[in-house]
Amino acid sequence: NYTFREMRPVLAYQYLQWLRINLNYSWFQAQNRYLENRESALTQELGSELRLSWAKVGLLSAKFSMYQVAFDGEAAGNLAYDMLQGLSVGNNRIWGLGLQQRLGSNLQISLNYDGRQSPGAPILHTGRMEARYVF
């Protein structure tokens, strides 16, 4: 158990129906007051997202976020992982690209790429592809 406070304002701009730009900031503070060592975490995020969409054709999206994470306590436990929201202490960067394309009237293809850079760890690259048949 731990208590937390969170704030996530977003500034969004949409040009017609095909372009949307989001700028976001988040502030997350967590404290574990139930243990003797009183663990605490502070995470700040600054990010942006760009979405281009074409009616009945597809969607292209790109996102990038920078996180600054501070933690007071032992960061190796399960509770600390949850308080840190899966991030590492220090400066983290997360980015992604996505393409969603409709082929014909019933087939939809999605291609996604995600990257992550954490302090002291190599960059992680993840790619996914999905095909859906819509009834």
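The values are calculated or read from the model by the stated rules, or taken from the named source; none is laboratory data. Keep in mind it's a predicted model, so treat the numbers as computed, not measured. FYI the Cβ positions are ideal-geometry reconstructions off the backbone, even for glycines, and counts take in every protein chain you see. Ligands, DNA and RNA are excluded from the accessible area calculation, which covers all protein heavy atoms including side chains. Shrake-Rupley method; radii C 1.70, N 1.55, O 1.52, S 1.80 Å.
Only one of S88, S53, S61 is touching a residue at least 12 places away in the same chain (Cβ under 8 Å) and more than 28 Å from R132 (Cα to Cα); which? Steps first, answer last, please.
Values: S53 fails: more than 28 Å from R132 (Cα to Cα); S61 fails: more than 28 Å from R132 (Cα to Cα).
Only one candidate passes the filter, namely S88.
Check whether at least one residue in region 81-88 is in contact with a Gly (Cβ under 9 Å, 6 or more places away or on another chain) and not acidic (D, E), and report yes or no. Scanning region 81-88 turns up at least one residue that is in contact with a Gly (Cβ under 9 Å, 6 or more places away or on another chain) and not acidic (D, E).
Here's the yes/no breakdown for (1) hydroxyl-bearing (S, T, Y); (2) out of contact with any strand residue (DSSP E or B) (no Cβ under 7 Å at 6 or more places or on another chain):
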position: E74; (1), (2): no, yes
position: G77; (1), (2): no, yes
position: I94; (1), (2): no, no
position: L97; (1), (2): no, no
position: L103; (1), (2): no, no
position: L107; (1), (2): no, no
position: S110; (1), (2): yes, no
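Quick check, is L46 surrounded by 13 or more Cβ atoms within 10 Å (Cβ to Cβ) and assigned to a strand (DSSP E or B)? So L46 passes the test. So, Q17, is that one in a loop (DSSP other than H, G, I, E, B) and either touching a helix residue (DSSP H, G or I) at 6+ places or on another chain (Cβ under 6 Å) or closer than 30 Å to F135 by Cα (or both) or not? Here the answer is yes, as Q17 does meet what is asked.
For region 91-134, filtered to residues that are of a type in the set (A, V, I, L, M, F, W, C) and in contact (Cβ under 8 Å) with a residue 24 or more places away in the chain, the residue that is most open to solvent (accessible area, probe 1.4 Å) is L97. When the criteria are applied in full, R93 meets the requirement of being charged (D, E, K, R), over 20 Å from Q29 (Cβ atoms), modelled with pLDDT of 90 or more and part of a strand (DSSP E or B).
Which residue is nearest to L107 (Cα to Cα), if the candidates are limited to region 54-83 and must be open to solvent by less than 40 Å² (accessible area, probe 1.4 Å) and more than 18 Å from the chain's Cα centre (by Cα)? Out of the qualifying residues, it is G58.
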